[in-house]
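Notes to accompany the following structure.
The values are calculated or read from the model by the stated rules, or taken from the named source; none is laboratory data. Not measured: the values here are computed from a predicted model. When we count neighbours, we look across all protein chains shown, and the Cβ atoms used for this are built from the backbone with ideal geometry, even at glycine.
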Amino acid sequence: MKTYPAEPYRIKVVEMPNMLTREERVEAIKAAGYNTFQLKSDDCYIDLLTDSGTNAMSDRQWAGLMIGDEAYAGSRNWLHLEATVKEYYGFKHVVPTHQGRGAENILSTLLCKPGTYVPGNMYFTTTRYHQEANGATFRDVIIDEAHDPSIDLPFKGNIDLNKLQALIDEVGAEKIPYVCLAVTVNLAGGQPVSMQNMREVKSLCAKYNIPIYSDCTRCVENAYFIKTREEGYANKTIKEILLEMFSYADGATMSGKKDGLVNIGGFLATNDDDVFTRARELVVVFEGMPSYGGMAGRDMEAFAIGIKEATRFEYIQHRVEQVAYLGDKLEAAGVPIVRPVGGHGVFLDARAFLPHLTQEQLPAQTLAAHLYIESGVRSMERGMVSAGRNKETGENHKPKLETVRLTIPRRVYTYAHMDVTADGIINLFKNRDKIPGLKFVYEPPMLRFFNARFEVC
Ligand code: P71
């Protein structure tokens, strides 16, 4: 039988969440317009909406808050953060931002123009928004298998080199400002990219002088998968793997709220002197001085410490295996999930879970709402509602993957919480044919999933 590693931490401070009754939860989700983004946190016993900014910090990080240098310019904590990013990720320049999308905004403003194309291994909501807002068109070049929840591959986040080559042939290299390479791929289920694929993408892009910007938001999880799945990496440290991964990139955007083990923060990194100079010009407009970029000094200190802690093997091993534990339990009970289980969460396959609903009846949105009612677990829709509409035609994007994400915050929950979550889902699965679909009653024009409201149809 497979075993799972014990928590590599001891608990020093605890939080006491509310445990609502089923009746109270029915009222709460109705009041939230059947949108889990609109629920009050206080109404959620186990909150698996996201792993973003929901991490538990260590005692050392909390201690770091006390040495926050809140000077407007030249904060010592910035110098610590900058040195840490350079040491652990290997980039030449770093520009701080308040979170990941701040970095995406600056990068897209600098490099995307009308008529350009940005290839990427599957879209991410905020990333694509900033590319499109600056006139570029996003092109998905991930391998086909990533769109099929049933195919089990070790590196399901890989770029399909033929698709990338075909785009270069179609539009010309000069129309491609950069390749966006996400490690891991969030919406594919937290799937990793292999080192070999990164190397191959680099050599193809080098031929055409196309820069590669990595979305390194969950890069430590990607490094763990390389260490445990790719030949030749078993004896390398996580830090060594990260440095090799980023040796194949020209820069990166980072949301520190995930693998930075903090609650807020981000950065843009680049090896390009010109991009760096222009990013420093822009950061003062959007974020703040290039020595804080929207972060408090104390947050930068915690971020620097978090980057180092995240590379400890026992930390990342437990993190990824705890996620696998939940996935394995669900799979053993026959619940349809995206295979293989990725780094940050388990994704329920909502179409297979609720086969009586059409995609227009929003199976993932429906499943997230009912999972909350059934168990008090908050999850997130990642399907047609998240995908939004085509900018030109106004038609709904219809993603093949219609999923509900159970995202596990880092160092927050125990295996017993995973058991409660699995039991709730398995119960719901047994009664699934009674669940009716949902329809929009309010649809915001952009990033609609955050504020949308629904009713039963
Ligand atoms: C997640 C988030 C946070 C989120 C974003 C949008 C809708 C709902 C929730 C954020 C990411 C991410 C990747 C791969 C960039 C960002 C933006 N993820 N790239 O998964 O996963 O970072 O939130 O710090 O601005 O819940 P930011």
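Only one of the numbered conditions (1) away from the ligand (no atom under 16 Å from the Cβ); (2) of a type outside the set (Asp, Glu); (3) part of a loop (DSSP other than H, G, I, E, B); (4) closer than 18 Å to Asn263 by Cβ is violated by Pro5, and that is (4). For region 107-121, filtered to residues that are in a loop (DSSP other than H, G, I, E, B) and surrounded by fewer than 24 Cβ atoms within 10 Å (Cβ to Cβ), the residue that is nearest to the ligand (Cβ to nearest atom) is Cys112.
Quick check on region 128-136. Is at least one of its residues modelled with pLDDT under 95, charged (D, E, K, R) and in contact with a Lys or Arg (Cβ under 8 Å, 6 or more places away or on another chain)? No: region 128-136 contains no residue that is modelled with pLDDT under 95, charged (D, E, K, R) and in contact with a Lys or Arg (Cβ under 8 Å, 6 or more places away or on another chain).
Only one entry in Asp51, Asp59, Asp42, Asp47 is touching a Ser or Thr at 6+ places or on another chain (Cβ under 6 Å) and either within 16 Å of the ligand (Cβ to nearest atom) or closer than 28 Å to Met295 by Cα (or both), namely Asp51.
A quick yes/no check of all residues on (1) more than 22 Å from the chain's Cα centre (by Cα); (2) at pLDDT 95 or above; (3) away from the ligand (no atom under 16 Å from the Cβ); (4) not hydrophobic (A, V, I, L, M, F, W, C):
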residue: Asp349; (1), (2), (3), (4): no, yes, yes, yes
residue: Arg410; (1), (2), (3), (4): no, yes, no, yes
residue: Leu438; (1), (2), (3), (4): yes, yes, yes, no
residue: Val456; (1), (2), (3), (4): yes, yes, yes, no
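Of all residues in region 416-430, exactly one satisfies the criterion of being loosely packed, with under 14 Cβ neighbours inside 10 Å and either more than 14 Å from Ala333 (Cα to Cα) or of a type in the set (A, V, I, L, M, F, W, C) (or both), namely Ala416. If Gly265 passes every condition in (1) surrounded by fewer than 20 Cβ atoms within 10 Å (Cβ to Cβ); (2) within 17 Å of Arg76 (Cα to Cα) but one, which one does it miss? Status for Gly265: all satisfied but (1). The residue list Glu104, Glu145 contains one member that is more than 15 Å from the ligand (Cβ to nearest atom), of a type in the set (Asp, Glu) and out of contact with any Gly (no Cβ under 7 Å at 6 or more places or on another chain), which is Glu145. Residues that are loosely packed, with under 15 Cβ neighbours inside 10 Å, hydroxyl-bearing (Ser, Thr, Tyr) and within 16 Å of the ligand (Cβ to nearest atom) do not occur anywhere in region 79-93. Of the residues making up region 208-223, those that are more than 18 Å from Pro96 (Cα to Cα) and crowded, with 24+ Cβ neighbours inside 10 Å number 4.
Residue count for region 323-339, restricted to those that are part of a loop (DSSP other than H, G, I, E, B) and hydrophobic (A, V, I, L, M, F, W, C): 3.
In region 23-77, which residues are assigned to a loop (DSSP other than H, G, I, E, B) and among the hydrophobic types (A, V, I, L, M, F, W, C)? Within region 23-77, Ala32, Leu39, Cys44, Leu48, Leu49, Ala56, Met57, Met66, Ile67, Ala71, Ala73 meet the criteria. Among the residues of region 360-388, those that are outside any helix (DSSP H, G or I) and of a type outside the set (Val, Ile, Thr) comprise Leu362, Gly376, Arg378, Ser379, Met380, Glu381, Arg382, Gly383, Gly388.
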